[in-house]
Amino acid sequence: MFASYSGYRLISRLITYLVICFILGIFIGEVVWVLLISTVILLFWHYRQLSRLNFWLWRDRRLTPPNGQGSWEGVFNGIYRLQGKNRKRVSQLAFLLSRFRQGAEALPDAAVVLDAEYNIVWCNKLAQLLLGLVWPLDSGQRIDNLLRHPDFSHYLKKGTYHEPLELASAYSERRILEVRIMGYGTGQFLLIARDITRVRQLESMRKDFVANVSHELKTPLTVLQGYLEMMQDMAEPDSPNTKAIEQMQQQTDRMRSMVEQLLVLSRIEAAREINLEITVNMAHMMDVLREEAKALSMGEHVLSFHCDDNCHLYGNELELRSACSNLISNAIRYTQAAGKIEVSWRKTVSGAVFSVTDTGEGIALQHIGRLTERFYRVDTARTRQKGGTGLGLAITKHALSHHQSELMITSELGKGSTFSFLIPNALIEHKVH
Ligand code: ADP
């Protein structure tokens with residue numbers, strides 16, 4: 001058991017020593033000399049203990065301290081205890097670190113730890129393979145000096161990492177990586193990269209498949225429609241075939257509009273970037289949309305259109321037209337006769353808002369989040385009856401994503417709905433008068 005520290009014991013030992021020396025001094029008759037000599041002896045003894053401690057701390061290889069004497073025993077033992085505690089903590093930390101590294105190595109993604117200046121602190125094996133890093137040679141190097149890609153440098157400079165970045169891999173140009181950066185702790189960053197080549201391949205296969213099938217279906221459908229029209233012309237008015245031919249025509253019409261919508265969707269999806277230099281004249285587009293709406297409504301609804309002056313935008317006219325016209329045709333199709341439909345394009349502080357408000361049947365809350373999925377319909381039978389394909393809002397969503405915008409939907413069952421989107425100021429043409 002180690003002797004622990006006690007201030008009282010230290011003082012009492014010193015006083016006892018001095019009292020004994022004092023009594024001895026009285027016996028001898030030389031109190032001052034005895035006290036002086038005993039103090040020098042005491043000092044010398046302390047100096048010796050101090051040099052033993054020094055020797056043990058700096059030179060001695062033994063872990064256990066030398067046997068301390070008197071008041072020094074507590075000091076020697078205290079230091080030994082502290083050393084023991086530290087050793088335990090260091091080994092615990094080393095164990096934790098090695099477990100963390102093993103965990104990071106087991107990740108299916110490349111992981112790189114960066115400091116506040118984006119210098120590499122650590123990376124796992126997959127990072128060496130996918131990002132071409134050499135460990136430990138690249139330790140301390142700035143990551144953008146090694147991943148020399150203009151998009152990556154731009155991404156780092158921007159400093160906002162909400163969206164992942166897609167890059168070609170260092171070991172093969174054909175492999176696509178999705179890179180994410182996450183901040184943690186104080187000024188530390190974790191870069192995660194994963195190979196998404198397969199996902200992208202599947203996605204493009206799906207897109208190609210849909211586009212090809214839709215394209216291939218167009219010709220047989222046109223032939224079918226042609227023959228059906230001929231058969232309708234030739235059929236006797238009261239013949240039982242007339243109804244069948246009529247239904248066949250309705251269904252081929254539905255199929256044709258579905259194929260057309262699928263082709264539009266494929267085209268919009270395939271166009272990854274659009275030219276944002278071209279001005280879209282919104283006043284003109286609103287006029288066209290009004291005429292289309294009138295034709296579709298056939299006078300059954302109260303239509304009102306509003307368009308702010310001089311509020312044009314940069315974008316793709318065809319895509320924006322299909323986005324807006326889908327919203328308007330939905331409002332007309334899902335609003336009962338005599339219902340009101342308001343369409344507007346207005347400037348706001350943060351951009352310009354296109355909105356379509358109807359007094360139609362409305363949509364229950366649980367459906368709203370899923371409306372932009374392909375082929376999602378609230379009431380399949382009813383929608384089919386109204387000539388819907390379930391693709392209109394998916395097209396709108398994609399077209400808007402090309403214009404840095406998102407579809408916003410508010411609706412109340414039985415009261416009506418508002419479909420709107422905000423085009424940010426960056427895409428609004430500010431005319432100087
Ligand atoms: P569809 O061609 O079936 O109309 P959409 O993608 O355009 O396909 O719309 C998806 C579904 O959203 C529709 O089936 C319909 O149930 C609902 N919906 C869209 N717009 C409205 C609206 N203005 N009022 C009520 N329901 C709507």
One would report the Cα pair-distance distribution of the range 136-212, bin width 5 Å, in %, as 3, 12, 20, 22, 17, 11, 7, 4, 2, 1, 0
Relative to the chain, whose Cα atoms define the longest principal axis, helix 197-234 and its Cα axis are tilted in degrees, nearest 10, by 10
Given 355-362, 335-342, the highest-first ranking by average Cβ count within 10 Å works out to 355-362, 335-342
The extension gain from Lys88 to Glu105, computed as 0.36 nm times the residue separation minus the Cα-Cα distance, is 3.6 nm
FRET efficiency (His154, Gln201; Cβ distance; R0 22 Å; to 0.05) is 0.25
Expressed as a whole-number percentage, the relative contact order of the chain with C-alpha contacts under 8 angstrom and at least six residues apart is 9
Dipole check, the chain, charges on Cβ (K,R +1; D,E -1), about Cα centroid: among Thr64, Tyr161, Gly416 the Cα furthest to the positive pole belongs to Thr64
Two pseudo-spin positions, 7 Å from Cα along C-beta at Ile20 and at Lys340, lie apart in nanometres by 10.8
Accessible-area order for Ile409, Ile20, largest to smallest, probe 1.4 angstrom, reads Ile20, Ile409
Links exceeding 27 Å between C-alpha atoms in this model, out of Lys207/Lys397; Lys88/Lys125; Lys207/Lys340; Lys347/Lys397, come to Lys88/Lys125; Lys207/Lys340
Phi angles of the range 236-242, converted by Karplus (6.51 cos²θ - 1.76 cosθ + 1.60, θ = phi - 60°) into ³J(HN,Hα) in whole Hz with x for Gly and Pro, give 5, x, 9, 5, x, 6, 4
Residue-normalised 222 nm signal for the chain, counting each DSSP H run of n ≥ 4 as -39,500 (n - 2.57), nearest 500 deg cm²/dmol, is -17500 deg cm²/dmol
Expressed per residue, the solvent accessible area of the chain in Å² (1.4 Å probe) is about 63
If every Lys and Arg gets +1 and every Asp and Glu gets -1 at its Cβ, then about the Cα centre the chain yields a dipole, in debye to the nearest 20, of 3240
About its Cα centre, the range 177-223 carries a charge dipole, from +1 on Lys and Arg Cβ atoms and -1 on Asp and Glu Cβ atoms, whose size in debye to the nearest 20 is 60
Projected onto the charge dipole of the range 281-346 (unit charges on the beta-carbon of Lys, Arg, Asp and Glu, signs +1, +1, -1, -1), the Cα from Leu289, Phe305, Ala331 with the largest positive-side position is that of Ala331
Between the Cα axis of helix 282-297 and the main Cα principal axis of the chain, the angle (0 to 90°, nearest 10) is 60
For Lys125, placing the label point 7 angstrom along Cα-to-beta-carbon and taking the range 188-218, residues whose amide nitrogen sits under 18 Å are 193-195
To the nearest 20 debye, the range 1-133 has a Cα-centred charge dipole, built from +1 on Lys and Arg Cβ and -1 on Asp and Glu Cβ, of 440
For Leu43 the rounded accessible area (nearest 10 Å², probe 1.4 Å, non-protein molecules ignored) is 120
note: the chain, Cα-Cα separations exceeding 30 Å make up a percent value of 68
Relative contact order as a percentage, the range 200-293, C-alpha pairs under 8 Å and 6+ apart, gives 37
Once the dipole of the chain is set up from charges on Cβ (+1 Lys and Arg, -1 Asp and Glu), the residue from the list Ala127, Ser405, Gln249 lying farthest towards its positive end is Ala127
Residue separation between Asp287 and Met182 times 0.36 nm, minus their alpha-carbon distance, gives in nm 33.1 nm
Carbon plus sulfur, as percent of the 1.4 Å-probe accessible area of the chain, comes to 59
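The values are calculated or read from the model by the stated rules, or taken from the named source; none is laboratory data. Please read all numbers here as calculations on a predicted model, not as lab measurements. We place every Cβ from the backbone using ideal geometry, glycine too, and count neighbours over all the protein chains shown. Each accessible area value is taken on the protein alone, full model and side chains, heavy atoms only, with ligands, DNA and RNA left out. Shrake-Rupley method; radii C 1.70, N 1.55, O 1.52, S 1.80 Å.
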